[in-house]
Amino acid sequence: MNWKFTSSIDLLARAGDAGLGLCDYLVKRDAFYAGTSEEAIRAELARRIRITRHSLDEGMSRPQLSFSGLTVGAAHSLAASANSPVADEFFGKALVYALAVNEVNACGGKIVAFPTAGSCGIVPGVLWAWRDARSPSLGPDSRVFQDAFTMASAIGMLVAARATLAGAEGGCQAECGAAAAMAAAALSQLMGLSTEACIDAAALSLKNCLGLACDPVAGLVEVPCVKRNAFMAANAITAASLAAAGVRSAIPFDEVVGAMKSIGASMPASLKESAEGGLAVTPTGLAVAQRIR
Amino acid sequence: MPENAPTLLDLFGPVMIGPSSSHTAGVARIAYLARKILKTPLERARITFYGSLARTWKGHGSDKAAIAGLLGILPEDERLAFAPEIAQREGLEIEILSDYAGPERYHTNTVVLELEGGDERLRVRGSSIGGGEIRLKSVNGFQAELDGGLAAILVLHHDEVGVIAELASLLAAAGLNIASLASHRRDKGDEALIVAEVDGAVSSRLLEAAARIHGVLDVVHVPSIKS
Ligand code: SF4
C-alpha cells in the first residue's frame, strides 16, 4: 500500500486506491508507521481528544492569569458577559472555548499542540462547541468525533508537507491560519459535508489568513495569539458555512498552500516570531518587554 | 519539499506544557535526545540559543524546557515547569547563552547543547522546526539528520572499509529493519560516523556486538521520543 502523499490530490487518490475513507486511511497509515494496531492509534487519538477537554475545562473553571500579566481571563469575561451580540449558542461557545484552551497554554498549562501551542484553542474550541451546543452524544470515543479531529489533522499534514507550520518560518498564517483551515474542514465534516467540500472549506479559510504577521509582544505566545484563537474560530465557522452553502473556493486548496509558502518566504524576519516588528515594537509592546525582562 | 506528510499523531500533538511548541516542546525534545547520547552522568551543560530562540527563550520557558530535557523530562510532563529547581537540587551546573545572529546556515530555532560528565564531552546541535517537530543536525561535529521518530544507532569508527556492511548484517541478524543509513566523515581516512535509524527496539546485546566490530570506536543508542 502507498502511504506517501504531499498534496490533497495525492491523499484522496491514495485513500481511494485503498478503498478507504480519508480518516480510516490516515489511521491505518499511522498504525503502519508506528508498527502498531489501528485500535492503538484510535486509543491514543481518544486520549488526546480527552486532554483537549481537560484544557478547556481548566480554562473555563477560573480566569487564567499569566505571569506576564498579558493574559487575564478573557474566556471567563466573555462567558459571563450579557452584552454579546452573538445569539447562537454554538458560535458563542466556540469563541469562548477557543480562548479558554489557549489561555491555559499561555499560562504554562497542559495542552495538545494542534498544530502548534499558540494555535491550540481553535480546533478544540470549534469542535467541542459543536458537541456541547448541537450534538451532545459525541465524545472522545465516538468515531464521528475522532474523524473530525482526524480531518483537521489531515489539513495540517498537508500544510506541513507543502509549506510550514512554524510561525518562525511562515508567520502566523502558518499557525493560527493553518489551525483555522483545519477547524473549517473538521467542522464541515461534522456537518456531514463531502470530503472534497471539507478540503474546500479549508481553502476558503486559509485564503483569508494569508500574510498574517507573527509579532508577539515580548516574544510571548500571548498577544496577539490568545485572542486570535477566538477570531480564527469565527474564521473557520464562516468558511464551513460557505462550504455548506455550496460555495467553492476559486483557488484549490493545494494552490492556496503553495501561495502561503511563498508569502511566508517573502515576509520579513521581523514578522516571523522574532518579536522585532509589528505589535512587538509598538510603544506599549516595548514597555511590556521592558517590564518583564 | 519533503517527500511525505507527517503522521496523524505528529500533527495532533505533542501533548505538552505550554506555551510554545517550537520553543518549549521542541527544545525539551532536543535536549532529551542529547542527554541520551551522553553516556556518563551529566555534570555540566552549556545551552546556547540561536536566532528566533535567542530572542524569545525567556518568555517561552525554553530554558526550563532545555533543562527538563537534560533531566529526562519530556514535554508532556508537568515537572517541566520546575526543571531548573530540580537541576539545582541535583547539583547540575548550567549556563545559558544567546547568540542572536549565529551562522547563516543555522535554522532560526537552533539550540546547541554542550554537555560534560566524567571525561565525556558532547556537542549536539538541534533545530525545532515547528509544531514540536525537531531535527538533530549534528553530533560532535558530525552531520546527522535525526527526528527522534525512530530509534537510531550512532557508530563512530575509523574510516575503513567493511564497517557499514558488518553493522548492516548485525542489524539484519537482530531482525531490525533499517529505515535509513547514512555515513558522515570529517576527512578522508579520519573518523566517520554512521547514523542508522531502525524500526523497532535496540537491545543492549546488539549494541555490544556493534562495539566489537573492527575499527569501531564508540556506539551510541538514541531512543525514539515517540514510543
Ligand atoms: S502570533 Fe506567532 S506566536 Fe502567536 S500564535 Fe501566531 S504564529 Fe504563534
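Bear in mind that the values in this text are calculations on the coordinates, not laboratory data. Nothing here was measured: the structure is a model prediction, and the numbers come from that model. Every residue, glycine as well, gets a Cβ built from its backbone with ideal geometry; the counts of neighbours run over all protein chains shown.
Among the listed pairs A:Lys28/B:Lys64; B:Lys64/B:Lys226; A:Lys227/B:Lys137; A:Lys4/B:Lys226; A:Lys261/B:Lys58, which have their C-alpha atoms separated by more than 31 angstrom in this model? Kindly include the intermediate steps, with their values, before the conclusion.
Details: A:Lys28/B:Lys64 36 Å; B:Lys64/B:Lys226 21 Å; A:Lys227/B:Lys137 35 Å; A:Lys4/B:Lys226 20 Å; A:Lys261/B:Lys58 29 Å.
With Cα atoms farther than 31 Å apart: A:Lys28/B:Lys64; A:Lys227/B:Lys137.
Mind listing the long-range amide H neighbours of B:Ala151? Cut-off is under 5 Å, sequence gap 5 or more, other chains count too, H placed in the peptide plane at 1.01 Å from N.
Counting only residues 5 or more places away or on other chains, the set is B:Val198, B:Gly200, B:Ser224.
Calculate the dipole size of the protein assembly as shown relative to its Cα centre from +1 charges on Lys and Arg beta carbons and -1 charges on Asp and Glu beta carbons; express the result in debye to the nearest 20.
Numbers: 47 positive and 55 negative charges, 164 e Å.
Dipole size: approximately 780 debye.
For the range A:6-72, which semi-axes, largest first and in whole Å, follow from the square roots of 5 times the eigenvalues of its Cα gyration tensor? Walk me through the intermediate numbers first.
Values: eigenvalues 268, 49, 20 Å².
One finds semi-axes of 37, 16, 10 Å for the range A:6-72.
For chain B, modelled as a GNM with alpha-carbon contacts under 10 angstrom, which of B:Ala31, B:Ala173, B:Ala144 fluctuates the most?
With Cα springs under 10 Å in chain B, the top fluctuation among B:Ala31, B:Ala173, B:Ala144 is at B:Ala173.
Could you order peptides A:129-139, A:89-99, B:193-203 by the average number of other Cβ atoms within 10 Å of their residues, highest first? It would help to have the intermediate numbers written out before the result.
Numbers: A:129-139: 16.5, A:89-99: 24.3, B:193-203: 19.0.
Put in order of decreasing packing, that is A:89-99, B:193-203, A:129-139.
Say each of B:Arg121 and A:Arg47 gets a label point 7 Å from the Cα, pointing the same way as Cα to Cβ; how far apart are those two points in nm?
4.1 nm
Classify the range B:37-120 from the C-alpha gyration tensor, please: rounded if a/c falls under 1.5, else prolate or oblate depending on whether a/b exceeds b/c. Write out the running numbers ahead of the final one.
Values: a/c = 2.07, a/b = 1.32, b/c = 1.56.
It comes out oblate by the Cα gyration axes.
Show the residues, 5+ positions off or on another chain, whose built amide H is closer than 5 Å to the amide H of B:Ala5.
The list, which skips near neighbours in sequence, is A:Phe5.
Just want to confirm a number: the relative contact order over the range B:15-140, from Cα pairs under 8 angstrom separated by 6+ residues, in percent.
On the way: 288 pairs, mean separation 45.6, N = 126.
Relative contact order comes out at 36 percent.
Going by Cβ distance under 4.7 Å, what cysteines of the protein assembly as shown have no possible disulfide partner?
A:Cys23, A:Cys107, A:Cys120, A:Cys176, A:Cys198, A:Cys209, A:Cys225
Would you mind getting me the FRET efficiency between A:Ala244 and B:Val161? Use the beta-carbon distance for r and R0 = 56 Å, nearest 0.05. Could the numbers behind the result be given before it?
Details: r = 64 Å, r/R0 = 1.15.
After rounding, the FRET efficiency stands at 0.30.
So what J values fall out for the range B:32-48 if you push phi through Karplus, 6.51 cos²θ - 1.76 cosθ + 1.60 with θ = phi - 60°, rounded to Hz, Gly and Pro as x?
4, 5, 4, 4, 5, 6, 5, 8, 8, x, 6, 10, 9, 9, 10, 10, 10
Leaving out same-chain residues fewer than 8 places away, which aspartates and glutamates sit with a Cα under 15 Å from that of B:Lys39?
Cα-Cα hits under 15 Å: B:Glu114, B:Glu116, B:Asp119, B:Glu120, B:Glu208, B:Asp218.
Name the residue, out of A:Ala161, A:Ala148, A:Ala87, whose mean-square fluctuation peaks in a Gaussian network model built on chain A with Cα pairs under 10 Å.
Looking only at A:Ala161, A:Ala148, A:Ala87, the largest GNM fluctuation is found for A:Ala87.
Please report, in debye to the nearest 20, how large the charge dipole of the range B:15-140 is about its Cα centre when each Lys and Arg carries +1 at its beta carbon and each Asp and Glu carries -1 there. Mind dumping the intermediate values first?
Values: 17 positive and 16 negative charges, 72 e Å.
In total the dipole reaches around 340 debye.
Quick one: grab the alpha carbon gyration tensor of the range A:209-293, order the square roots of its eigenvalues as a ≥ b ≥ c, and give me rounded if a/c is under 1.5, else prolate or oblate depending on whether a/b is larger than b/c. Don't jump to the answer; show the numbers that get you there.
Details: a/c = 4.34, a/b = 1.85, b/c = 2.34.
Verdict is oblate for the range A:209-293.
Quick test of the membrane-span-like rule: which DSSP H helices of chain A reach at least 30 Å along their long axis (C-alpha atoms) with mean Kyte hydropathy at least -1.0? Could you put the intermediate results ahead of the total?
Numbers: long enough: A:38-61 (34 Å, -0.73).
Those that clear 30 Å and a mean of -1.0 are A:38-61.
Which whole number in µm²/s is D for the range A:8-292 by Stokes-Einstein, with the Kirkwood Rh taken over Cα pairs at 37 °C and 0.692 mPa s?
Working: Rh = 18.9 Å.
So the translational diffusion coefficient is about 174 µm²/s.
Quick check for me: using +1 on Lys/Arg Cβ and -1 on Asp/Glu Cβ, what's the dipole size of chain A about its Cα centre, in debye to the nearest 20?
On the way: 24 positive and 25 negative charges, 70 e Å.
For this selection, approximately 340 debye.
Work out the charge dipole of the range A:113-175 with +1 on the Cβ of Lys and Arg and -1 on the Cβ of Asp and Glu about the Cα centre, then indicate which of A:Gly170, A:Val159, A:Phe145 is farthest towards its positive end.
The residue sitting most towards the positive pole is A:Phe145.
Taking 0.36 nm per residue of sequence separation and subtracting the Cα-Cα distance, how much length would be gained by fully extending the chain between A:Ala87 and A:Ile292, in nm to one decimal? Numbers along the way, then the final one.
Working: separation 205, 0.36 × 205 = 73.80 nm, distance 3.90 nm.
Fully extending the segment from A:Ala87 to A:Ile292 adds 69.9 nm.
Rounded to the nearest Å, what's the spacing between the alpha carbon centres of the range B:86-108 and the range A:239-256? Just the number, please.
When both Cα centres are located, 45 Å separates them.
Among B:Val219, A:Gly19, A:Cys209, which residue has its Cα positioned farthest towards the positive end of the charge dipole of the protein assembly as shown, with +1 placed on the Cβ of Lys and Arg, -1 on the Cβ of Asp and Glu, and the dipole taken about the Cα centre?
About the Cα centre, the residue reaching furthest to the positive side is A:Cys209.
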